[in-house]
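The values are calculated or read from the model by the stated rules, or taken from the named source; none is laboratory data. This one's a predicted model, so the numbers in the text were calculated from it and none came from an experiment. Cβ atoms come from the backbone with ideal geometry, glycine included; neighbour counts cover every protein chain shown.
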Protein chains: 4
Amino acid sequence: MSQPLRVPVSVFGAAGFTGALTARLLHGHPSFELQAVTARSDVGARLDELYPHHRVPLTLEELDLDRHGNVEAAIVAYPHGAAAPLVAELRSRGVRIVDLSADFRLRDATVYEHWYDEHQAPELLEEAVYGLPECYRDQIRDADLVANPGCYPTATLLALAPLARTGLIEDVVIDAKSGVSGAGRAATDKTHFVTVDENVSAYGVPRHRHTPEIEQELQQLGAEVRVTFTPHLLPLDQGELVSCYVRLAGDGLDLEQLYGDAYAGEPFVELASAPPGVRDVRDTNICRLSVHRDERTGRVIVFGAIDNLWKGAASQAVQNLNLMFGRPEAEGIA
Amino acid sequence: MSQPLRVPVSVFGAAGFTGALTARLLHGHPSFELQAVTARSDVGARLDELYPHHRVPLTLEELDLDRHGNVEAAIVAYPHGAAAPLVAELRSRGVRIVDLSADFRLRDATVYEHWYDEHQAPELLEEAVYGLPECYRDQIRDADLVANPGCYPTATLLALAPLARTGLIEDVVIDAKSGVSGAGRAATDKTHFVTVDENVSAYGVPRHRHTPEIEQELQQLGAEVRVTFTPHLLPLDQGELVSCYVRLAGDGLDLEQLYGDAYAGEPFVELASAPPGVRDVRDTNICRLSVHRDERTGRVIVFGAIDNLWKGAASQAVQNLNLMFGRPEAEGIA
Amino acid sequence: MSQPLRVPVSVFGAAGFTGALTARLLHGHPSFELQAVTARSDVGARLDELYPHHRVPLTLEELDLDRHGNVEAAIVAYPHGAAAPLVAELRSRGVRIVDLSADFRLRDATVYEHWYDEHQAPELLEEAVYGLPECYRDQIRDADLVANPGCYPTATLLALAPLARTGLIEDVVIDAKSGVSGAGRAATDKTHFVTVDENVSAYGVPRHRHTPEIEQELQQLGAEVRVTFTPHLLPLDQGELVSCYVRLAGDGLDLEQLYGDAYAGEPFVELASAPPGVRDVRDTNICRLSVHRDERTGRVIVFGAIDNLWKGAASQAVQNLNLMFGRPEAEGIA
Amino acid sequence: MSQPLRVPVSVFGAAGFTGALTARLLHGHPSFELQAVTARSDVGARLDELYPHHRVPLTLEELDLDRHGNVEAAIVAYPHGAAAPLVAELRSRGVRIVDLSADFRLRDATVYEHWYDEHQAPELLEEAVYGLPECYRDQIRDADLVANPGCYPTATLLALAPLARTGLIEDVVIDAKSGVSGAGRAATDKTHFVTVDENVSAYGVPRHRHTPEIEQELQQLGAEVRVTFTPHLLPLDQGELVSCYVRLAGDGLDLEQLYGDAYAGEPFVELASAPPGVRDVRDTNICRLSVHRDERTGRVIVFGAIDNLWKGAASQAVQNLNLMFGRPEAEGIA
C-alpha cells in the first residue's frame, strides 16, 4: 500500500512564539511537509538557534510569495492587521489557510473596526470559519480559511459552551490568568523577568480585545450576554486558566450530565472533579474543565485550563489543519 | 526627657510564617519589648536558624503561661480552634491581645460553628473588635482583644468598603489570587515546589472559610449581599490580589472621588490609576487599590493588592497593637 | 507481516516522580506492555489523579511479586537500600531489570557501604551494567541488570567522557545546579515552595553521594582523579546543569574535534557553541553540551544540561530497556 | 542640641535598577537630603510610577550640571564609559562621589582598556578608592571618589579575603549565580521572562569583565592568582551566590577561627555553618558566608550570598557615603 503524499505547507511568521511552535509541530507531522518558514525579523537565523528546544533545522526566510506561496496549506502567524493582506494573497493563489491572528475571528467588520482597526480584507470574512473544532468541526473540514481562536476565547468557550447552549445564561464574569508567553516574544518592560516575577496584576482593563470574540461566539451558541472579561498576568511561562462565574435563569441543570454529554468523545476536552491547574495541560492540546455549583449564591463556576501556546494557538491550528485535509484530528499533536 | 518604658509582649506560636514575622517586627519595635516566643513545634530552635532573614536571636520555647503570660500584650498566632482557649487564659490574666486566628473574627458563634467547629470561648466574642484599622480605628484603640482579619478579607474589605457604605452593592464576585506563604509553613503536596511552580488553580471551591467573614463585614459597612469568593494559588511566595466585580444599583457614583474621600489621610492605603501588582506592596503594610468602571456591562471592578504576610497578617497585627497602646500607628512597620 | 509481541513490563515504585514518569513513557511505548504499577504509598490511587499530566489510567497497587513479577522486564524505582532486595527477588525470577536506585551503580560493595549502608545484594554487583548508553551501549544490550546512572553523574560523565578518555585530566571541579524535582516528591521544609522560591544554595557539602559514582566512572574512562562535586538547588522544577572546570596535563587538544568525534551519531547528545540552558532540553532525553577553553588560566570548561527526570532518570531507563530488548534506541522517548 | 544639617546629594542615572534603589535609600536617609534624580531615559517620569515599591515621589530630570551638580555628594549610576566624564565634571566642582560603574574600579588604565574601552578620565584613577568597606574602611572615610565594587567582586572578595591574606591561595574557581536584576533594566531577549523562567545557563564565558577586578583585589589582599570566574543566570530577581573552590598551599588553617577573627565586629558580614541562600540576605546589605573543608580533595569551599542590588550595588554605595561623611556606617540601610 502506498504512503499518501504529504501536504506541502509553509509557516508565515515563524519567529514568534506561536509561529515557531506551529513550525515544530508541522516539522514532525507525518502528513504535512514543512516547506518554508518565513519571518519579518530574524531573517537568516536558524529556528533551532532561536528556539533550541523546538529542534527545527530550518532557516527563517524573508517573505517571497512566489516561492513560499506555492503550497497547499499555510499557517499565518502575523499580528492582527498585518495578517489580512497576506491571507488575501494566499487565498488568491488557492492556498488553504489557518490564520492565527484576530483578523478573521470577528464575523462583522464593523465590530472588528470598533475594537481593532480598519479591516484589510473584509471580503474574506464570509468564507472564514471560526476554528474551534469542538464547536465547528464540520465547517472546518470544508473551510479554506480558518480563523484560529484567541487563547482566552478558546478556554472560555470550551468552559461555557454547554451552558450557553441551554439558553439560560444571564450573566458572566470571566477572570482569566495567563502565563507570560501569551504576551509574545517582544522584549518590553511588561515581559521583563523582574517585572513579572513574584507579581500578579490585571491588564487590559476594562476592555480587552478578546471580549467581542467571546461575546460573538457565546451568542452563536445561544447566550446573548455582555461579559466582563479581565485577564491577569502571572509569573509562569505557558498556561492559561479562566475562572467563569455564571448566573443562570433557573438552576435545575444537572451540570455533570450536561458537561459529560457535551464533551463525550471529544479527544481534547477533559472533565475533572477538582479545579484544573495549568500544569495539568502544559505542552498539550487539551482543555481541562471543572464545573461547580455554589449553592449559597446560585452561581455556577466553571474553570478551564489550557496551554496558551498549544490549544490556545499552535496545536489547535494543527488540529484545524488536520480536519481541513482529512487527517486524523489528533495526528501530530497527541 | 525620659524614654517611655517599652511594653512587654510575647508572641505565642512563632514557628509559623505569620508568628515569626510578627516576632521580627516586634523585636525591632521601639515601643515594645519582645519577652518570649513560644511554639508548638521546633521548641528549642532559634528563630534566626529557622528564618535567617528575620534575624531574631531568640529561642522558641514551650508554652509556660506563668512565665510567658506575664506581659501586657500578646500576639496569638495559633491555628483556629487552638487559639481561643489560649486567648481566654491570657485574657483572664489581663493581657491585651491581637489574635491572628479566625476564632474571634465572626461575631456570631453559630456562624463560626457552621464554617469551623464548636467555639471554645464564645463568651469573649462580645469584647472582640475586628482589627481592620481603616474601618474600626477607634474601637481598636480601646479594645483588649482584637481579631486580626484574614488576609483575603483585609484586601477585599479595603477594596469594597467605599462602595459598601453607599448601600448600592447588589452583587459581588471576588476572584482572589494568593502566593504560597498564605498556605502556611506545613510541607504538603499542595506546598511542594513542583506542585505550585508553573501552575495556577483554584482551591476551596465553592465554600472557602473567608466567605462569611467578608459577608459579615460588608454587612457592617452597609452591603447586605452574598458574595462568590474564589481563591487561587499562584507560583509566588508573598502577595495577594483580589479582583472584585461589583454590580451596583444605579451607576451615578464618582468613583474617583468616592475612593479619594474614603481613604484621604490613610497611611496604608494607596490609590492607583493602573491595576496594582503584588510586587508594589511586597514587605509592606500597604494595600494598593484601583477602581474601574466597565461601561459596557455597568460593572465596577476594584483591584486590591496586599502582602498576605504583612498587611494580611503580621504588620496589621502590629498596626493594631500600636493603636491599642497609644503608639503612632505606623511605628515599627513603615 | 505480523506485529511483534509487546514485552510485558512492570514499574515498581511508581508513586514518585521518576517512577511515575517511567510509567508514562512505557504506557505509550509501542514495544512494551505496561502490566502494573506498584507503590509503597498511595496504594489504590490512580496515577492520572496523582499526576494528571501523565495521563496514565492505572491504579497503584501494593507489591505482589507473584503477580507483578510475572513479566519479562521491570523498572525498579525504589530508594537506595530498598531496591536491592526487590531486584534480587526479580532477578531470581529471571526478570530483566533497569534499577533507578544507587544500589548497583558502585561496582565495589565496600565503596557503597562507605557512602551508603550495608549492601543488601552484593552478589548481583558483578552482573550489573552501568546504564550510560553513550559509554556502555554493547554491555547494556546483553545485560540482565542495568544500574541507571544518577542524574548528576549522567550529565557530568557525558560532559567529561571525551576528556577523560585522553588520560590528561588532572583536576576537576564540578559545580552542579538542579531543579527541585531532583529532591523527589517528599514534602519537606527543603521542598516547600517558600523555601526554594527566589533562592539558591548549595547542599550536600562537601560529600554528596554522587561523588564516588562520578569518580568510579571517570576512572573507567581513563581519568584517575578525585573530584570536587557540589550541587545547588534552584527555583525551577526540572533541569540540571553541570559546570565542569578541568585542568589538563598539556593543552594541545582540539576540543571541538575531540567532542565532535566522540559524539558523532549519538542520538541524544547535542553539541552547542554557546553554554546550554536546561530549558533547551526540558522533557527530552537529550544532553546538551558546550566546551570552552579559558586561555588565561589554561582551564577547559564544559557545561552539560539535561532534564534530571528524563535523561537523568526515566527516559534514560527506557533508552536502556530499548537496548536490552533489541528495540530502536529512541523508541518511545524521542 | 541642634540637629546636624543633612548633606545635599543627587543621584545621576536613577532610571535603572541600582540608581533607583539608591535614590530610595537616600530619600529615607536621616543624614542626606536627596536633591534631584536625573536620568538618560524616562525623563519626566516619576520614580514612584516606574518603581511603585520604592515610593520616591520625585521626577526624573534631564542632566543639568549647574543645578544638579550643586551638591556635596553624588551617586553616579551610569554605564561604564559614560560614567567617567560625568565623574570628572562633578569632581571639578568639588563634589564627593560614589560611582557605581566599573570606570574607577581597576587601578590600572591599561587593564581597563584591555577589558573595556579607552578610559575617559584616567587622571582620576589615583584618587579613586575601591569601595569595599570591610577591606578599605579607613581610605573610604577620606576619599572624594569611591569606586563601588561590582556585585560579583563584592561577594567573591568577602568570601576570599581571609584566605587571600594568608598568602596561601594557589588556585581559585569561582562559580557564580545571579538573579536577573543583575542584568539591568533593559528589556532584551536575555531578560524576557520566557527566556529565564525554568532555565539556568552560564554567560560571559570564559572572560567576564569582573575577572580582572577580582584578580586585582585578591592581589591587594595577598593572593597573586589567576581566577576562573563563570557567572550563571538564574530564574530569580534579586540575589547572588558565589561558590568558591580554593586550593591552598598547606592545609593547616583553622578556617573557623580565621573567618571569625577576620569578620569580628563587621556589621554586614554573617558567618553561617550551613551554606547560605540568597533568600537569607534579600533586601539587605548583608553578605552571608560559610566555609567548608573538603578533606577528600584538600580544597576549601567558600560560599558567599548577597543581594546584588543591595550589598552588590545600592546599599553598599550608601554604606560608603556614610563613611565618607562621618555618619554611622549602617545608617539608612539596616
Go through (1) out of contact with any Phe, Trp or Tyr (no Cβ under 9 Å at 6 or more places or on another chain); (2) in contact (Cβ under 8 Å) with a residue 60 or more places away in the chain one by one and return the number of the condition C:T59 breaks. (2)
Residues located in the range C:185-211, provided they are over 29 Å from C:A39 (Cβ atoms) and either small (G, A, S) or in contact with a helix residue (DSSP H, G or I) (Cβ under 9 Å, 6 or more places away or on another chain) (or both): C:E198, C:N199, C:V200, C:S201, C:A202, C:R207, C:T211
Subset of the range A:288-334, residues basic (K, R), part of a loop (DSSP other than H, G, I, E, B) and more than 16 Å from the chain's Cα centre (by Cα), comes to A:R296, A:R327
Given A:Y116, A:Y78, A:Y51, which one is in contact (Cβ under 8 Å) with a residue 12 or more places away in the chain, away from chain C (no Cβ under 14 Å) and closer than 20 Å to A:A314 by Cβ? A:Y78
From A:A164, A:A143, which residue is touching a residue at least 12 places away in the same chain (Cβ under 8 Å) and out of contact with any strand residue (DSSP E or B) (no Cβ under 8 Å at 6 or more places or on another chain)? A:A164
Tally the residues that are of a type in the set (S, T, Y) and either part of a helix (DSSP H, G or I) or touching a strand residue (DSSP E or B) at 6+ places or on another chain (Cβ under 6 Å) (or both), restricting the search to the range A:61-96. 1
Filter the range C:243-276 down to residues that are at positive phi and at pLDDT 95 or above, then give me how many there are. 1
Hey, any hits in the range C:256-273 for a residue that's outside any loop (DSSP other than H, G, I, E, B), touching a residue at least 60 places away in the same chain (Cβ under 8 Å) and within 14 Å of chain D (Cβ to nearest Cβ)? no
Residue count, the range C:117-142 (criterion: within 17 Å of the chain's Cα centre (by Cα) and assigned to a loop (DSSP other than H, G, I, E, B)): 2
For C:L34, which of the numbered conditions (1) within 26 Å of C:A187 (Cβ to Cβ); (2) part of a strand (DSSP E or B); (3) among the aliphatic types (A, V, I, L, M) fails to hold? (1)
Given (1) farther than 30 Å from B:G277 by Cβ; (2) touching a residue at least 24 places away in the same chain (Cβ under 8 Å), number of the condition A:A155 does not satisfy: (1)
Every residue from the range A:162-193 that is buried (at least 18 other Cβ atoms within 10 Å of the Cβ), in a loop (DSSP other than H, G, I, E, B) and within 21 Å of the chain's Cα centre (by Cα): A:G179, A:R185, A:T191
Selection from the range A:281-296 of residues within 9 Å of another protein chain (Cβ to nearest Cβ) and touching a Ser or Thr at 6+ places or on another chain (Cβ under 8 Å) yields A:T284, A:S290, A:D294, A:R296
Consider B:T284 carefully, then state whether it is surrounded by 19 or more Cβ atoms within 10 Å (Cβ to Cβ), under 16 Å from the mean Cα position of the chain (by Cα) and farther than 26 Å from A:G179 by Cβ. yes
How many residues does the range B:101-124 hold that are in contact with a helix residue (DSSP H, G or I) (Cβ under 9 Å, 6 or more places away or on another chain) and under 30 Å from B:L289 (Cβ atoms)? 11
Subset of the range B:297-331 that is surrounded by fewer than 22 Cβ atoms within 10 Å (Cβ to Cβ) and either polar (S, T, N, Q) or within 14 Å of another protein chain (Cβ to nearest Cβ) (or both) - its residue that is nearest to B:E170 (Cα to Cα): B:G298
In the list C:S41, C:S101, which residue meets the criterion of being surrounded by fewer than 16 Cβ atoms within 10 Å (Cβ to Cβ) and assigned to a loop (DSSP other than H, G, I, E, B)? C:S41
Do you know which of the residues in the range D:105-157 that are farther than 25 Å from D:A73 by Cβ and of a type in the set (D, E) is surrounded by the fewest Cβ atoms within 10 Å (Cβ to Cβ)? D:E118
Kindly indicate the residue of the range A:233-255 that is of a type outside the set (S, T, Y), in a strand (DSSP E or B) and within 13 Å of another protein chain (Cβ to nearest Cβ) and also farthest from A:K190 (Cα to Cα) among those meeting that condition. A:R247
Can A:E240 be described as modelled with pLDDT of 95 or more, more than 30 Å from C:F193 (Cα to Cα) and buried (at least 19 other Cβ atoms within 10 Å of the Cβ)? no
Please go through the range B:210-231 and pick out each residue that is within 13 Å of chain A (Cβ to nearest Cβ) and outside any helix (DSSP H, G or I). B:V225, B:R226, B:V227, B:T228, B:F229, B:T230, B:P231
Could you go through the range C:305-326 and let me know if any residue there is in contact (Cβ under 8 Å) with a residue 24 or more places away in the chain and more than 22 Å from C:I75 (Cβ to Cβ). yes
If you check every pair at least six apart or on different chains, which have Cβ atoms under 9 Å apart with a residue in the range C:182-203 that is within 12 Å of chain D (Cβ to nearest Cβ) first and a residue that is among the aromatic types (F, W, Y) and part of a loop (DSSP other than H, G, I, E, B) second? C:K190/C:Y203
